[in-house]
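Undergrad: There's a structure below that I have some questions on.
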Amino acid sequence: MEDTPGVLTLISTSRVEVLGARGLTPIPSESPAAKPAVGSSDPVIRQTFRVENVSSLGELQWTAPQPRVNVTLESQMTIQADSAEWVAMLQYDVPGGALDAIRLKLSPAWAGGARIQLPGREYQLRSETLNGSTYWTITPDRPIWGRQTLFVRSSLGLSPGQEVQH
């Protein structure tokens, strides 16, 4: 086998740092910012290195960008003679990074009997009540990238003439 130098090219939307890479030599780039990645407004960063020694390539390190989150909420309440039912569908679009947790603010009356559905994922739910509101932190088993739907369902018992706050 013949061992000859090669080229390593890193293309990302954040700057990559190479640690302990005695076997890599940076090659100056003529165009560091190319077109943004599909679905992103972030410029693409291209870094090129000449590989001199494969036994001393080092380690790649980068900081993941903060996620940008767009949320669409559809909510429906159905009132029966003796109960009220509420269903909310939240559509999360997460471009440009990973979302580690979903945070929701609910009224304590609705939060008390609420159930969550996070299709295709396991999750942990932490609930706190503060200043008359219930705050949920929903942490999925793995970060959310792209699109995720969350359903919240709850019901309240009603007596005749009782008001429903929503």
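Undergrad: When the Karplus curve 6.51 cos²θ - 1.76 cosθ + 1.60 is applied with θ = phi - 60°, which whole-Hz ³J(HN,Hα) does each residue of the range 51-57 get, with x for Gly and Pro?
TA: Per residue, the Karplus-derived 3J(HN,Hα) values read 8, 9, 9, 5, 7, 9, 7 Hz.
Undergrad: Extension gain LYS105-GLU128, at 0.36 nm per residue separation less the Cα-Cα distance, in nm?
TA: Length gained, LYS105 through GLU128: 7.3 nm.
Undergrad: May I ask you to compute the full-extension gain from THR139 to GLN162, defined as 0.36 nm times their residue separation minus their alpha-carbon distance, rounded to one decimal in nm?
TA: Gain in length upon complete extension: 4.8 nm.
Undergrad: Defining a contact as two alpha carbons under 8 Å apart and six or more residues distant in sequence, what relative contact order in percent does the chain show?
TA: Once divided by the residue count of the chain, the mean separation gives 21 percent.
Undergrad: Still on this model: Averaging the inverse of every distinct alpha carbon separation and then flipping it gives the Kirkwood radius. What is it for the chain, in angstrom units?
TA: Every distinct Cα pair counted, the radius reaches 20.1 Å.
Undergrad: Nearest 20 debye, what's the magnitude of the dipole of the chain about its Cα centre given +1 on Lys and Arg Cβ and -1 on Asp and Glu Cβ?
TA: Computed charge dipole of the chain: roughly 160 debye.
Undergrad: Amide H to amide H under 5 Å from ARG68: which residues, 5+ apart in sequence or cross-chain, H placed 1.01 Å off N in plane?
TA: GLY97
Undergrad: For an R0 of 41 angstrom, estimate the FRET efficiency from the Cβ-Cβ distance between VAL87 and GLN61 and round to the nearest 0.05.
TA: That pair, VAL87 with GLN61, gives E of 0.40.
Undergrad: Over the range 106-166, with a single point scatterer placed on each C-alpha, what log10 of the ratio I(q)/I(0) does the Debye formula yield at q = 0.14 1/Å?
TA: -0.51
Undergrad: Something else now. Just order 94-103, 108-117 by mean Cβ neighbour count inside 10 Å, highest at the front, would you?
TA: 94-103, 108-117
Undergrad: What number, rounded to the nearest 500 deg cm²/dmol, is the helix-based mean residue ellipticity at 222 nm of the chain, given -39500 (n - 2.57) per DSSP H run of at least four residues and division by all its residues?
TA: Per the formula, -500 deg cm²/dmol.
Since every read-out is calculated from the coordinates, none of them should be taken as a lab result. Since this is a predicted model, take the numbers as computed values, not measurements. Here the Cβ is made from the backbone with ideal geometry for all residues, glycine too, and neighbour counts use every protein chain on show.
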